[in-house]
Each structure stands twice: as C-alpha cells, then as structure tokens.
Amino acid sequence: RLALNKLICGYSFPRLLVEHYKKRDKAEYDRLQQALNISNGKVFIQGLSGLGKSEFAKEFWKNSLITKSFRYFAWIDFKDDLETSFYQQYFLADDKNTTESYNRSKLLKIINSMGDKLLVIVDNFLSDEKFQRDKFLEDLCALNCTLLITTTENLAYSGIKKYELGFL
C-alpha cells in the first residue's frame with residue numbers, strides 16, 4: 001500500500017504528449033463533470049485519434065488538483081490489460097509465491113480504501129483481441145473511485161457512461 005500511496009500522492013503530472021494543445025472551453029469541462037455526476041463517477045472519453053482525449057484528461061487532472069477535488073491521483077498508461085498496467089506503474093506484486101487473485105484482491109482493497117478521494121485516469125484503453133470485457137475494469141467500476149478512460153473504441157460497459165469528444 002505504501003508504494004501505491006506514495007506514487008499516487010506524489011502528483012507526478014502525466015507526461016506531455018504534444019507541444020501545442022488547444023484547450024477545450026469551460027462548457028466542455030462542465031459537460032464532462034455532468035457526465036461524471038450522472039454516471040457515479042465512471043466515464044469513457046471516446047473519440048477519433050488525434051482529437052485531444054489524452055490532453056483533455058490531463059486538463060481535467062490539472063483542474064482537479066487546483067480545486068482539490070481529489071486527494072489521490074493515478075494516471076495509467078494502458079498496455080495489454082488494465083490490471084497489468086496498474087502493477088507496472090504503481091504496484092509491485094508481493095512475490096512470486098502469491099497468487100494472481102491475491103494480488104488483485106490486495107490492489108482492489110487499496111483502491112477501495114481511497115474511495116471517492118481517488119481519481120483514476122486510464123489513457124488509451126483498448127479491448128483485447130477477442131473483444132472480451134476487461135475483468136479488472138469491471139471490478140474497478142464497482143468501487144467508489146472516479147474513473148476516466150480515454151479510448152478510440154466505442155465500448156459499452158455497465159456503469160460507465162460514454163462521453164464522445166468532438167472536434168475543436
């Protein structure tokens with residue numbers, strides 16, 4: 001838990017993806033906040049590549065820091081599957097003798113303990129090759145954290161509202 005808390009509380013800002021980014025207007029942020037409010041804090045930011053989904057999510061992160069909307073922050077660069085992405089960036093498995101389900105349970109307990117004070121942003125989420133649901137994402141949806149996910153895919157998960165990001 002210490003490793004996750006230390007990194008999440010450290011507020012290391014997500015990496016810069018582009019040199020110049022045209023910020024979205026306040027109305028766009030208000031619509032995203034409204035989508036979060038009506039979806040129990042779970043939203044897919046969906047749109048074509050190059051629309052600025054990641055930069056929009058970073059601006060939301062930055063605004064949340066300024067307004068102190070959250071106490072804990074986690075930026076996840078998605079690779080392969082969500083659970084592995086969490087482990088690679090924030091959480092080291094206990095040791096090779098523990099089971100995968102034990103590690104998952106431990107990670108979910110840590111996330112759950114942060115409750116609505118945690119903002120998790122998952123950048124560039126993709127389905128697996130067979131378009132099966134990501135089980136760890138379904139587990140996250142059951143928790144009380146706020147979850148923003150950027151994706152180019154048109155996904156439908158129970159409990160996650162789709163927010164389609166349009167052109168500037």
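The values are calculated or read from the model by the stated rules, or taken from the named source; none is laboratory data. What you see is a predicted model, and the numbers here were worked out from it, not measured in a lab. Here the Cβ positions follow ideal geometry from the backbone for every residue, glycine too, while neighbour counts run over all protein chains shown. All accessible areas refer to the heavy atoms of the entire protein, side chains included, with ligands and DNA or RNA removed. Shrake-Rupley method; radii C 1.70, N 1.55, O 1.52, S 1.80 Å.
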* **Complete set of residues in region 112-151 that are aromatic (Phe, Trp, Tyr) and either free of Cβ contacts under 8 Å to residues at least 24 places away in the same chain or in a loop (DSSP other than H, G, I, E, B) (or both)** => Phe125, Phe131
* Asked: Yes or no: Lys117 touching a strand residue (DSSP E or B) at 6+ places or on another chain (Cβ under 8 Å) and open to solvent by 30 Å² or more (accessible area, probe 1.4 Å)?
  -> yes
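Could you grab me the full set of residues in region 127-148 that are crowded, with 16+ Cβ neighbours inside 10 Å and modelled with pLDDT of 90 or more? First the steps, then the outcome.
Going through region 127-148, the residues crowded, with 16+ Cβ neighbours inside 10 Å turn out to be 134, 136-137, 139-141, 143, 145-148.
Within region 127-148, Phe136, Leu137, Asp139, Leu140, Cys141, Leu143, Cys145, Thr146, Leu147, Leu148 qualify.
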* Asked: Name the residues in region 48-84 that are in a helix (DSSP H, G or I) and either among the charged types (D, E, K, R) or under 11 Å from the mean Cα position of the chain (by Cα) (or both), would you?
  -> Lys53, Ser54, Glu55, Ala57, Lys58, Glu59, Trp61, Lys62, Leu82, Glu83
* Residue count, region 157-168 (criterion: over 29 Å from Ser113 (Cβ atoms) and either assigned to a strand (DSSP E or B) or among the small types (Gly, Ala, Ser) (or both)) -> 2
* Asked: Is at least one residue of region 100-111 outside any strand (DSSP E or B), open to solvent by 80 Å² or more (accessible area, probe 1.4 Å), of a type in the set (S, T, N, Q) and free of Cβ contacts under 8 Å to residues at least 40 places away in the same chain?
  -> yes
